[in-house]
Amino acid sequence: MKGLVFTEFLEMVEEKFGLEVLDRLTSLPCLAEGAAYTSVGNYPHGDMFVMLDELHDAVGLPHKALVLAFSGWLFDAFHRIHPEFFGQIKSSFDFLCGIDSVIHTEVRRLYSDARTPNFEARRLSPDQMVMEYSSWRPFADLAEGLILAATSHFKEDVTIDRQEGVTGDGRSARFVLTLSNQVS
């Protein structure tokens, strides 16, 4: 897993929960790299789950709430680091339809060793779309959070109906998105 995800997670932990909690997470002896993450490195995705479990224990918030908070943070980081992906995009549906064809293509061009998840996006109508998520990593909650962050970024009121995928373990999911209206 790309190090950028880890470095952003640790920055979020420090800002939202403080240095003491950050030290608690980065002092875990079971982390593969001893918690010395760089944004361009590759690290085992299991480290993220270990740190998420420890964060849950430290602050008492549910895992999903922590993942959703991190998703918003990560989306903002992507927007800050790669504004070129957002320049001409006017809606969350347009943005989400370009994840595989534009964003993940560029990620794989820049990082030949990157293993991005698959997002198959299909518009059913101007106000509804389906996104099929599949990955070898169980991060459907993170995918859902990033979808929510995208709809928030574009100030849209979107209802998400999530259905677990065939794997039943977070490695696949189906998201049906329905646009209600623009948020002012």
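The values are calculated or read from the model by the stated rules, or taken from the named source; none is laboratory data. Just so it is clear, the structure is predicted and the values come from calculations on it, not from any experiment. FYI the Cβ positions are ideal-geometry reconstructions off the backbone, even for glycines, and counts take in every protein chain you see.
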Number of the exception - residue 120 against (1) acidic (Asp, Glu); (2) part of a strand (DSSP E or B); (3) closer than 23 Å to residue 31 by Cα: (3)
The stretch 87-114 - residue that is within 24 Å of residue 157 (Cα to Cα) and among the charged types (D, E, K, R) and, of those, surrounded by the fewest Cβ atoms within 10 Å (Cβ to Cβ): 90
Of residues in the stretch 104-159 being under 13 Å from the mean Cα position of the chain (by Cα) and among the acidic types (Asp, Glu), the one nearest to residue 43 (Cα to Cα): 141
Conditions (1) in the same structural domain as residue 156 (by TED's automatic domain parsing); (2) assigned to a loop (DSSP other than H, G, I, E, B); number of the one not met by residue 129: (2)
Any hit, the stretch 72-89, residues being in contact with a helix residue (DSSP H, G or I) (Cβ under 8 Å, 6 or more places away or on another chain) and part of a strand (DSSP E or B): no
Single residue of 84, 8 found to be surrounded by 13 or more Cβ atoms within 10 Å (Cβ to Cβ), charged (D, E, K, R) and under 20 Å from residue 107 (Cβ atoms): 8
Odd one out for residue 60 among (1) surrounded by fewer than 16 Cβ atoms within 10 Å (Cβ to Cβ); (2) at negative phi: (2)
